[in-house]
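**Student:** Once you've had a glance at the structure underneath, I'll fire off some questions.
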Amino acid sequence: MTQQNSAQSSSRPPRPKSPHFPPHNAPRVWFITTGTSPTAITLAKQVLDHGDYVVAGVVPVEFEKREGPSEDFRVFLEEVKKTERRRERLRVVGLDPRIVSQCQSAVAEAVEAFGRIDVLFGSTSEAVIGTIEELAQNSRTISLVQETFEMNFFANVNIIKAVLPIMRQRKNGHIVVLTGITGHLGTPGLGMYCSSQWAIEGYCDSLAYEIAPFNVKMSIVQANMEVNVLTNRMTSVPPLSSYSQAENPAPLAREIFSSILDKFDRVNNPSIISEIHSPTDSNSTTSPGGIIHEPSTGDLLSSDTVTSLYPPLPQGVKASLIAETVHALTAIGGHDNPPARHIVGFEGVTAVKEKLKTTSEELEDFIEVSQAVDISPDGERSTPVVIDQSAS
C-alpha cells in the first residue's frame with residue numbers, strides 16, 4: 001500500500017460495529033420492498049433484534065424458482081423461526097413493486113398484521129451496463145431502457161403511492177429510498193442506470209415538500225455505486241468495438257465491474273488461479289501471450305448477447321460492502337428529524353464534494369453569461385455581455 005493510500009485510510013472514520021437506532025417510544029413497523037437483497041436481509045436482522053417489526057416484500061416467481069439471493073433469504077427465514085420473538089415480528093408478503101395491485105395488497109396485508117407502517121424502505125434496483133449507443137443496437141436493448149425505469153423508478157413510485165395514504169392519515173411516517181452516488185454523478189457505461197436514479201431522486205425531492213405538512217418525512221440514502229450494482233441483478237448488453245478500451249480511454253463500467261467479478265471468482269474458487277486448462281477446451285481462449293484463458297464471470301459482461309446475472313458475492317465481501325449502508329439506515333430510519341439526503345461512506349462523500357466543486361467553478365466561469373439575460377427592476381433587459389472569441 002502506498003503512503004498516500006495509507007494516509008487516506010487513516011483519515012477515514014472507523015467502520016461502525018453495531019447499529020445505532022434513533023430513540024423512539026414504541027417498536028416501529030418497517031416495510032422493506034426488496035426483502036431478498038443482502039442489504040435488506042441484514043437490515044431486517046438488526047431491526048428485528050432491536051425489537052421492531054418487519055414486513056418484507058418478496059417477488060413470488062423469483063422466490064419459487066430460487067433465483068438470485070433468495071437462498072440467503074430462506075436461510076434468514078430459518079433463523080427467524082428459531083426465535084419466537086423474531087417470528088412474531090416478521091411478515092413476508094408477495095410483492096413485485098412494478099405491479100400496482102401487488103403494492104396495494106402488500107400494504108393492506110402489512111397494516112392488517114401490525115396496524116400501521118412507520119418506515120418504508122424502498123430499495124428496488126437493477127443496473128444495466130452499456131453505453132448509450134450500445135443500448136440502441138436493437139429492439140431488445142432498447143426495451144431494456146424501459147425495463148430499467150420500470151424497476152428503478154416506477155417500482156419505487158408504486159410502493160410509495162400505496163403507503164402514502166396510510167402515513168398521511170396517521171400524520172406520521174418516514175419514507176427512505178436507497179439510491180447511490182450515481183444520483184449525483186454521471187458514470188460512463190451506466191447512463192440509463194444513472195438516469196433512473198436521477199429520476200427517482202427528483203421525484204422524492206418534489207414529494208418531500210408535498211408531504212411535509214402531514215409530518216411524513218422523506219430521505220434519500222446514496223450508497224457507493226458498488227452497493228446497489230453488486231447486490232442486485234445486473235444486465236449487460238453486447239459491446240460495440242468503438243467503445244473498446246483500445247478505442248475509448250474512458251473508464252467504462254463494463255471493464256470496472258468485469259474486473260470486480262473476476263476478483264470474486266478468485267475469492268470463491270482459489271484453485272482456478274493455478275489450474276491449467278487444455279487448449280482443446282472449446283470454452284477456452286488463448287491470449288496473444290499464449291496463455292490459456294478460461295471464460296470467467298467477468299467475461300459474461302462482454303457477451304455478444306444480452307446477459308443478466310447476480311454477482312457471486314463472497315460472504316466476507318458482502319458483509320463488508322453493505323455494512324456502512326445498513327448502519328446509516330438504522331440510524332436514519334424513523335428519526336424525528338432525518339436528513340433529506342444522506343451520502344454513505346468516505347469515498348462517496350469525497351466524490352460528491354468534487355462534483356459540487358466542479359459545478360461551482362463552472363458556474364463562476366460563466367456567471368456573466370448567466371446574468372446577462374437578467375431583467376432589471378425597471379423592466380429593461382440588462383446589456384448582454386459580448387464574449388470576444390477572436391483571442392481564442
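Please treat every number below as a calculation from the coordinates, not as lab data. Note that this is a predicted model, so its numbers are computed, not measured. Using ideal geometry, Cβ is built from the backbone for each residue, glycine included, and neighbour counts are taken over all protein chains shown.
**Student:** Select from region 75-183 those GluC sites (Glu not before Pro) which occupy a DSSP coil region and have at most 13 other Cβ atoms within 10 Å, ordered by residue number.
**Tutor:** Those that pass, being in a loop and sparsely packed, are GLU133.
**Student:** Further, regarding this structure: Give me D for region 46-85 in µm² s⁻¹, whole number, from Stokes-Einstein with Rh from the Kirkwood sum over alpha-carbon pairs, 25 °C and 0.890 mPa s.
**Tutor:** It comes out at roughly 217 µm²/s.
**Student:** So which of LYS45/LYS355; LYS65/LYS318; LYS318/LYS353 end up more than 29 Å apart, counting from Cα to Cα?
**Tutor:** LYS45/LYS355
**Student:** Treating cross-link reach as a plain straight distance, find the aspartates and glutamates whose alpha-carbon is under 15 Å from the alpha-carbon of LYS81, omitting any fewer than eight places away in the same chain.
**Tutor:** Counting by Cα, and skipping residues close in sequence, LYS81 has these aspartates and glutamates nearby: ASP49, ASP72.
**Student:** On a C-alpha basis, how far is the centre of region 225-256 from the centre of region 30-47 in Å? Whole number, if you could?
**Tutor:** If we compute the Cα centre of each part, the gap is 28 Å.
**Student:** Would you please report the Å³ per residue occupied by the convex hull of the alpha carbon atoms in region 41-138?
**Tutor:** Taking only Cα atoms, region 41-138 has a hull volume of 136 Å³ per residue.
**Student:** Cross-link candidates for LYS161: which lysines have Cα within less than 22 Å, leaving aside residues fewer than 8 places away along the same chain?
**Tutor:** LYS161 reaches LYS171, LYS217.
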